[in-house]
Number of protein chains: 2
Amino acid sequence: MRILLIEDDTVLGTAVRDQIAADGQSVDWVSRLDAAADAMAVAAYDLILLDLMLPDGLGIGFLKTLRSRGDVTPVIILTALDQISDRIAGLNAGADDYLVKPFDLTELSARIGSVARRYSGNPNPIITHGALDIDLASRSVHKNGKAVQLTAREWALFDAFLARPGQLLSKTQLEDKLYAFGAEIESNTIEVHVSRLRKKLGADVIHTERGMGYRLGTS
Amino acid sequence: MRILLIEDDTVLGTAVRDQIAADGQSVDWVSRLDAAADAMAVAAYDLILLDLMLPDGLGIGFLKTLRSRGDVTPVIILTALDQISDRIAGLNAGADDYLVKPFDLTELSARIGSVARRYSGNPNPIITHGALDIDLASRSVHKNGKAVQLTAREWALFDAFLARPGQLLSKTQLEDKLYAFGAEIESNTIEVHVSRLRKKLGADVIHTERGMGYRLGTS
DNA sequence: ACCAACCTGACAGCTTCCTGAAGCACGCCC
DNA sequence: GGGCGTGCTTCAGGAAGCTGTCAGGTTGGT
């Protein structure tokens, strides 16, 4: 399950990220709303953890915008404001759950597990894509029934395509996904990794669109 | 499945009992260790839920006595958050799992279900994995028919892999399983135990995926 | 045909992992 | 109570293999 954490507090963010990772979920952590929007353009998330007080705006507005666009991604709000009115505002804006700081990390795990169970019908979904069988939970890929070993970077890249099947992803977007947002990569790293992925998974898995980017091959 | 609940808190006890009953399991609920001993003399239980702080003694001692008598009934410890050392002691004493109060009731159901599936699937649950024969109930491993002696930590680690065969487990996940959540391990203990396990069980039993974690080897 | 964009083999640096050994805590036995 | 043994953790040196960079080749559009 992919989780987007929007939180500007470094200490809390680190703790939450580590906790989620310990639960075996993959996390992207951003500290601003504009970075969150960028992240969501690159990858589809199954759950958003949203702080309400952020340097570039209020989380409530972000949530409302999200919902007005028809996005139904589950959102759990993290906030220090334990006032009833804020809680109601958050839930009215379309939040699924609410955690008041300081919260227990096991409590967070439980809520995440609850959301996961509610929204993902089967526990271990296996995606079939051409000759490939992909198990997101166990991070394994089989090609024609034979296991394929992907390295950490290769998986991160492949995962980006799987999150947005059929969608065009620019090299910049992919860099943002593979590295920290804003990381300076002044070489053709993405091309190299795409090449390695193709060698392992098959040449037609990722399709190049010259000057634009890449997208997951059809079928 | 018959479950023995040892818990002196009335509110929590009631909630747990009702939750288990709702899952369709039968529960006996006692609030003292001597009552627990009496109950176990009368009926055989498939699972014990054990609070550590009880009016007539510590649950740890009860668990140790149980194990020293050769009783291998699965035990899940229920404990308050601030007793990290107790939790480690509990796992060392032979507990199968632990839950930190306050815990989510669905989480409890999930743990119970996990234990139930693993221990009561077939009357004599022996897993064969390559050259290994593993008996979960008696916690013994045979390699090519020859008994292999595993220490407490080694078993806990191996057990984590057996619980999720084929699944990638990060070092953080394994630390959480072997110790308590949030226990700070700033060394390579997991690596060392993996190394020991491989020496005892065979180099190909656990497979390393660099930068991501470990998983049980195939076959 | 030209140029830009992309592909891919090679390689060095560096993160990550392995493992032997030493130190430490705890329980056991006399 | 003191000595002993077992198992766990930490540390450090070395090994393994991932990954970013580059260079030269290939492709595709105009």
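The values are calculated or read from the model by the stated rules, or taken from the named source; none is laboratory data. Computed from a prediction, not measured in an experiment: that's the story for all the values here. Cβ coordinates were reconstructed from backbone atoms using ideal geometry, including for glycine residues, and neighbour counts include every protein chain displayed. Quick note on the areas: whole protein, heavy atoms, side chains included, nothing else; ligands and nucleic acids left out. Shrake-Rupley method; radii C 1.70, N 1.55, O 1.52, S 1.80 Å.
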- For the range A:41-51, just list the computed ³J(HN,Hα) in residue order, Karplus coefficients 6.51, -1.76 and 1.60, θ = phi - 60°, integers in Hz, with x standing in for Gly and Pro. 6, 8, 10, 8, 9, 8, 7, 10, 9, 10, 7
- Query: Using +1 on the beta carbon of Lys and Arg, -1 on that of Asp and Glu, and nothing else charged, what's the dipole of the range B:126-216 about the Cα centre, debye to 20?
  - Reply: 320 debye
- Message: With the cut-off at 23 Å, tell me which of the pairs A:143/A:199; A:143/B:143; A:171/A:199; B:143/B:199; B:64/B:177; A:200/B:143 have Cα atoms farther apart than that.
- Response: A:143/B:143; A:200/B:143
- Just need log10 I(q)/I(0) for the range A:1-82 at q = 0.13, 0.15, 0.21 Å⁻¹, Debye formula, equal scatterers on the alpha-carbon atoms, no solvent, rounded to two decimals. -0.36, -0.48, -0.97
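Select from the range B:137-219 those GluC sites (Glu not before Pro) which occupy a DSSP coil region and have at most 15 other Cβ atoms within 10 Å, ordered by residue number.
Passing sites in the range B:137-219 are B:184, B:186.
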- Message: 5 Å is the cut-off here: which amide hydrogens, built 1.01 Å from N in the peptide plane, fall below it relative to residue B:5, excluding neighbours closer than 5 in sequence?
- Response: B:28, B:29, B:30, B:49
- Mind grabbing the interface size between A and B? I mean buried accessible area, both sides, 1.4 Å probe, in Å² to the nearest hundred. 1300 Å²
- Query: Tell me, what ³J(HN,Hα) does each residue in the range A:97-106 have, in order and in whole Hz, if you take phi through Karplus 6.51 cos²θ - 1.76 cosθ + 1.60 with θ = phi - 60° and put x for Gly and Pro?
  - Reply: 7, 8, 10, 9, 6, x, 10, 7, 5, 5
- Message: 7 Å from Cα along Cα→Cβ at both residue B:131 and residue A:14: what's the point-to-point distance in nm?
- Response: 4.4 nm
- Backbone HN-Hα couplings from phi across the range A:7-20 [Karplus 6.51/-1.76/1.60, Hz, Gly and Pro as x]: 7, 9, 6, 5, 5, 5, x, 4, 4, 5, 4, 5, 5, 5
- Evaluate E = 1/(1 + (r/R0)^6) for residue A:144 and residue B:198, where r is the Cβ-Cβ distance and R0 equals 30 Å; express this FRET efficiency to the nearest 0.05. 0.50
